[in-house]
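Just below is one structure, and these are the notes that go with it.
Derivation of every value follows stated rules applied to the coordinates shown; laboratory data play no part. Because the structure is predicted, anything quoted here is derived from the model rather than measured. Cβ coordinates were reconstructed from backbone atoms using ideal geometry, including for glycine residues, and neighbour counts include every protein chain displayed.
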Amino acid sequence: MQTFLGVFSRKNIPRLLLVIVTGILIGTWLYFTPPGLLGKADAVGYAVCHRIPDRSFWIGERQTPVCARCSGTFLGALLSIVYLSRAGRRRAGLPTWKMSVPLGIAVVAFGIDGLNSYAHLFPILPGIYEPQNALRLLTGTGLGIGIGAVLVPVFNQTVWQDFDPRPALGAWKDLLKLVGFALAIDLAVYSQNPLLLYPLAILSSLGVIVILSMVYCLVWLLITKRENIYTDFRQAWAPLIAGLATTILQIGLMDAARFILTGSWGGFTF
């Protein structure tokens, strides 16, 4: 009885409210978004991606939740986050300058290909070359790897009390492994084999949620001035849940705004 009442102590009320609000946000979002697992993934992509049909891959007759470029970006970032956050590794140093060179080249390639693709939406604008989904996928993946290489150490140096100051991505072998895994994923996406593309489509939307949740977790830690006090995920569950709640709120508001403006869950057409 005392244990049960302890849950409702003054100290635990904010955490209890956090869980309740998060549950309400998730439940509301699930209720109003399209049915099915792919439908929910579409709703995530709908909040962050143009979802232009010609610039997306297809699972049979169904468009993937995000476009080719965003598929590469979010899958690459998710891969990088998982790889650099593997068990027992809390390295919090940013990439070394040697690692920053290829990552910087990837960012430049992303920008060039993105601007070129954007120019081809308007006949009056000159394009450098004919855009291709393969290039969108590859340049997006390069940017995604860079996002993970920066986000993971920033997360570690903000959340953990006992972080490792060494660079999270400091060895060429790690970068080569990441690139190898990423290329294998890109080949699977580009094949448009439903057996491969279906789970990767779900993971691309999961990547959106993971990235935003990590960022908002850091924001809440800075707002509440509770940086570097946690030693494991069980202690850090409250800011992580707060990050997830904020992510769902953002996605839900962007979904609502776009649906009100367009009246459809489909992608933009030109």
Could you give the length gained on full extension between residue 225 and residue 172, defined as 0.36 nm per residue of separation minus the Cα-Cα distance, in nm? 15.5 nm
In a GNM of the chain with a 10 Å cut-off on Cα contacts, which of 41, 119, 77 has the highest mean-square fluctuation? 119
If the chain between residue 32 and residue 86 were fully extended at 0.36 nm per residue, the gain over the current Cα-Cα distance would be 15.9 nm
What is the stretch 40-206's relative contact order, in percent, from Cα pairs under 8 angstrom and six or more apart in sequence? 37 percent
Across 72, 142, 93, the residue with the highest GNM fluctuation in the chain (Cα network, 10 Å cutoff) is 93
Using a Förster distance of 22 Å, how high is the FRET efficiency between residue 130 and residue 206, based on the Cβ-Cβ distance and rounded to 0.05? 0.10
Heads up, the chain by the C-alpha gyration tensor (a ≥ b ≥ c square roots of eigenvalues; a/c under 1.5 rounded, else a/b over b/c prolate, else oblate) looks oblate
Over the stretch 119-166, consider all pairs of different Cα atoms and compute the Kirkwood hydrodynamic radius from their mean reciprocal separation; express it in Å, one decimal. 13.9 Å
In nm, to one decimal, how far is the modelled label at residue 97 from the one at residue 234, with both set 7 Å along Cα→Cβ? 4.4 nm
Between 0 and 90°, nearest 10: helix 194-224 axis offset from the chain longest Cα axis: 50 degrees
Shape call for the stretch 21-124, from the Cα gyration tensor axes a ≥ b ≥ c (a/c under 1.5 means rounded, otherwise prolate when a/b beats b/c, else oblate), comes out oblate
If R0 is 45 Å, what FRET efficiency do you get for residue 258 and residue 193 from their C-beta distance, rounded to 0.05? 0.90
Taking Cα atoms, the helix 13-32 axis meets the longest principal axis of the chain at an angle in degrees (rounded to 10) of 30 degrees
Treating the angle as unsigned and between 0 and 90°, give the value, to the nearest 10°, between the Cα long axis of helix 172-191 and the longest Cα principal axis of the chain. 60 degrees
Find how much the distance from residue 179 to residue 250 grows on full extension, using 0.36 nm per residue of separation minus their present alpha carbon separation; answer in nm with one decimal. 22.5 nm
